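Take a look at the structure below.
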Amino acid sequence: MSNLNKVMGNFIDNQCVVSASSRQANVFNPATGEVSLSVSLSTIEETQAAIASAQTAFESWSQITPLNRARVLFKFKALVEAHSHELAELIASEHGKVYSDAMGELTRGLEVVEFACGIPHLQKGEHSLNVGRGVDSYSLMQPLGVCAGISPFNFPAMVPMWMFPVSIACGNTFVMKPSEKDPSTIMRLAELLKEAGLPEGVFNVVNGDKTSVDVLLTDERIQAVSFVGSTPIAEYIYATASAHGKRVQALGGAKNHMLVMPDADPNQVVNSLMGAAYGSAGERCMAISVAVCVGDEVADNLIAKLQTEISTMTVGPGLYKQYDIENEPHMGPLVSKEHAQKVRDYITSGVEQGAALVVDGRDFVRKNHEQGYFVGPTLFDHVKVGMRIYDEEIFGPVLCVVRVDSYEEGLALINQHEYGNGTAIFTRDGDTARQFTEKVQVGMVGVNVPIPVPMAFHSFGGWKRSLFGPLHMHGPDGVRFYTRMKTITARWPTGLRAGPEFSMPTMK
Ligand code: NAD
């Protein structure tokens with residue numbers, strides 16, 4: 001493993017390198033509360049060294065044919081599949097999510113690698129014959145240079161894989177700054193990229209915090225920055241990197257609503273909500289955290305069914321009896337002690353602000369894991385605009401039910417929220433669903449699909465304060481983001497075939 005005597009350094013020039021930084025952060029196992037390793041918080045100079053490595057590598061990597069770049073990614077995909085158990089275990093042990101969910105995250109990341117393997121086709125550009133008489137026009141999609149990625153804790157494999165496979169497939173080189181809470185997975189992926197044949201310097205990992213991020217946002221050698229994380233940081237990233245002349249895509253936080261119409265299938269709604277609200281302990285940017293029920297009857301039935309389902313839920317360590325997926329808990333712990341306390345504080349604020357607490361997860365304790373960062377599934381009814389549990393992103397296993405009188409009121413409620421990442425409508429009426437998809441001010445919309453995460457060959461991104469920058473991640477937008485278009489218009493003089501002319505030249 002790459003965690004050098006339990007103090008993880010960086011991955012530069014295809015080598016794990018020890019960091020000279022005097023600053024380190026502890027990485028915890030959220031299920032036990034124990035420190036599993038510490039990670040170096042890199043210095044400015046170390047971050048600059050990673051950029052320099054990527055800058056040097058760009059010259060040759062950008063000249064390698066797209067087909068040969070794709071071949072490295074094909075090998076990388078096979079290696080990730082061969083090491084999937086090990087990678088899922090790393091994810092579960094540092095993030096806390098259950099093993100099967102970690103495998104799901106890897107699969108979604110691999111789909112982007114599969115997409116990037118099609119780069120010879122994706123980067124072809126356009127061609128027009130005879131835009132004028134004897135004049136042709138065509139475009140080149142050229143790589144940018146050194147690109148940077150900054151990722152959050154909640155998808156330590158998938159979110160970096162939204163970024164670097166497309167970027168390096170396009171001929172760029174990359175510096176990744178993962179979350180300091182769960183850095184091991186990306187270090188292992190870096191080793192697998194090397195094993196797949198990626199030349200040194202094409203992909204580098206710098207572990208660290210704001211110190212490293214600020215270098216990536218301001219260093220003139222960095223051409224583009226991809227960020228995923230909370231909204232205040234996304235705003236900072238967007239403003240700072242843009243001011244330094246870089247391309248930026250900065251994805252922020254979320255508050256995702258599910259609109260439940262009276263004609264929706266109640267069992268389908270409950271099953272969908274349970275997974276979408278409590279899967280991964282609610283630490284997903286596409287988690288449904290608000291169910292908007294049209295009519296009291298819909299809300300009363302939903303609350304009763306949810307209560308029953310929640311009572312059968314199991315909460316425990318993500319790695320349960322080694323790969324025993326059949327019997328693993330439904331939900332793991334939260335990522336850190338501080339975050340678990342923040343979620344409990346949100347629940348307390350909901351009670352204080354007058355919401356009805358139907359199921360309270362604050363006192364949940366898992367036997368034999370008393371020091372783990374567990375919060376049980378929590379359910380609120382009669383939640384209203386203006387309450388912190390409605391207005392703000394909680395990022396925990398807390399589902400809020402809001403009651404409205406009509407479809408129009410529900411749509412207006414969703415549209416007034418500052419976040420616009422994902423949403424879903426559950427209904428049997430095609431006309432209502434169709435109107436909803438057209439009118440709702442949200443970037444990713446599900447119709448009877450609770451978590452409408454686009455596949456790798458589409459692009460991922462929200463609206464409003466959930467995304468800053470014009471282009472979404474992966475898919476066609478990803479290729480546009482990581483390439484710069486050049487359009488060439490060419491005319492070749494005619495008449496050369498006829499050989500030399502000896503009479504006085506005149507325009508023909
Ligand atoms: P975060 O914003 O705390 O951290 C994200 C990254 O930014 C980390 O690498 C971190 O080291 C760095 N960072 C933190 N503070 C910084 C600062 N002051 N200056 C510069 N860099 C800084 O987010 P998190 O807690 O790791 O992740 C959870 C958040 O990410 C949630 O808000 C969630 O909604 C969001 N998220 C959004 C999406 C999406 O697609 N929109 C996907 C996943 C997660």
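The values are calculated or read from the model by the stated rules, or taken from the named source; none is laboratory data. These numbers come from a predicted model, not from an experiment. When we count neighbours, we look across all protein chains shown, and the Cβ atoms used for this are built from the backbone with ideal geometry, even at glycine. Quick note on the areas: whole protein, heavy atoms, side chains included, nothing else; ligands and nucleic acids left out. Shrake-Rupley method; radii C 1.70, N 1.55, O 1.52, S 1.80 Å.
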Just flag the GluC sites (Glu not before Pro) in the stretch 109-142 sitting in loop per DSSP whose Cβ has no more than 13 other Cβ atoms within 10 Å. E126
Counting Lys and Arg as +1 and Asp and Glu as -1, each charge on the Cβ, what is the dipole of the stretch 358-439 about the Cα centre in debye, to the nearest 20? 300 debye
Return one whole number: the accessible area per residue of the stretch 258-376 in Å², for a 1.4 Å probe. 44 Å²
What does the charge add up to near S84, with Lys and Arg as +1, Asp and Glu as -1, over the other residues with Cβ less than 14 Å from its Cβ? -3
CD proxy, 222 nm, the chain: helix-only mean residue ellipticity via -39,500 (n - 2.57) per DSSP H run with n ≥ 4, per residue, nearest 500, stands at -11500 deg cm²/dmol
Given axes a ≥ b ≥ c from the Cα gyration tensor, I'd like to know whether the stretch 367-508 is rounded (a/c under 1.5), prolate (a/b larger than b/c) or oblate. prolate
Around Q123: net Lys/Arg minus Asp/Glu count, Cβ-Cβ under 15 Å: +4
Rounded to the nearest 20 debye, dipole of the stretch 1-139 from Cβ charges on Lys, Arg, Asp, Glu: 320 debye
Any of K124/K210; K75/K439; K384/K464; K75/K337 with alpha carbons more than 32 Å apart? Name them for me. K124/K210; K75/K439; K75/K337
Within the set K97/K177; K181/K321; K177/K321, which residue pairs have Cα atoms separated by over 28 Å? K177/K321
Using a 1.4 Å probe and ignoring any ligands, DNA or RNA, find the accessible area of E200 and quote it in Å² to the nearest 10. 120 Å²
At a 1.4 Å probe radius, carbon and sulfur cover how many percent of the accessible area of the chain? 53 percent
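I want the local charge near E94. Using Cβ-Cβ distances under 12 Å, sum +1 for each Lys or Arg and -1 for each Asp or Glu among the other residues.
-1
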Any residue on another chain or 5+ positions along whose placed amide H is under 5 Å from the amide H of F28 is listed here as S36
Among 442-455, 414-427, how do they line up from the highest to the lowest mean number of other beta-carbon atoms within 10 Å? 414-427, 442-455
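Given charges of +1 on the Cβ of Lys and Arg and -1 on the Cβ of Asp and Glu, with all other atoms neutral, how large is the dipole of the chain about its Cα centre, in debye to the nearest 20?
Roughly 1780 debye for the chain.
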Long-range HN-HN contacts of M261 with modeled amide H, under 5 Å: F426
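Which value, in Å², gives the accessible area per residue of the stretch 1-120 when a 1.4 Å probe is used on the protein heavy atoms?
With all protein chains present, the stretch 1-120 gives 42 Å² per residue.
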